[in-house]
Amino acid sequence: MTYATRTYTTQTSTTYKVTVVAEGPVNGTTARVLLGAWETYTPGGALYRLRQQAHRIADGLDPHPRAAWVAEAGRVLVPVGPHVPDVPSALRAWCDDHRQQEAARRRLDRGERFTVGAADHSGRYTLTARPTEVTAAPSTAPPLVAPVRRRRRTRPRSRARHRAPRHHLEALAVTLGAVVGILALAVAIGCGWGPWYGR
């Protein structure tokens, strides 16, 4: 019998944690609220999540200028001036800027942290992606040693072997028939029924 030993190895992989935080004045103090946290496995996935959340914040604070219902609202909504900080416009501009997206990807590829943020009179919104190394903890259990059983070769059963019990019964029946015949002959001879008696 042979034995097989199971070994455990530690593995390290890189994940990207994405967080979205809002900070602003609340009742005379500054409140910090975590709007969401996610984990992805690629820089592209992290950037996708950042863009998704940037659009969510922008649409929540201010309607998109090209939204259909904005055109129907008439003069109810008025654009802010160019010198007024505008969080939705800043976040949308970052999402649409391909150069900034590539720069962010390069930073994440190098293992660096990337942050994009925008602020106005209501507060500041910060979106962050950072790579983290994840190491699988090795098992504290001792190595598992298990016997490896080799399969015993079995010969296929032949037809003769399957019929062997029936042959035995037939042989037994023939033997019993012979014994009964001999006994019957002996009784007949003893009673004088034989062909040489009674003449």
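In the range 14-37 there is at least one residue matching the filter, namely being loosely packed, with under 14 Cβ neighbours inside 10 Å, at pLDDT below 95 and under 21 Å from R106 (Cβ atoms).
Meeting the requirement of 3 or more residues that are among the small types (G, A, S), open to solvent by 50 Å² or more (accessible area, probe 1.4 Å) and at pLDDT 65 or above, no helices (runs of 4 or more DSSP H) wholly within the range 65-170 can be named.
The values are calculated or read from the model by the stated rules, or taken from the named source; none is laboratory data. This structure is a prediction, so every number in the text was calculated from the model and none was measured. Neighbour counts run over all protein chains shown; Cβ positions are idealised from the backbone, glycine included. When the accessible area is computed, the model is the full protein with side chains, heavy atoms only, and any ligands, DNA or RNA have been set aside. Shrake-Rupley method; radii C 1.70, N 1.55, O 1.52, S 1.80 Å.
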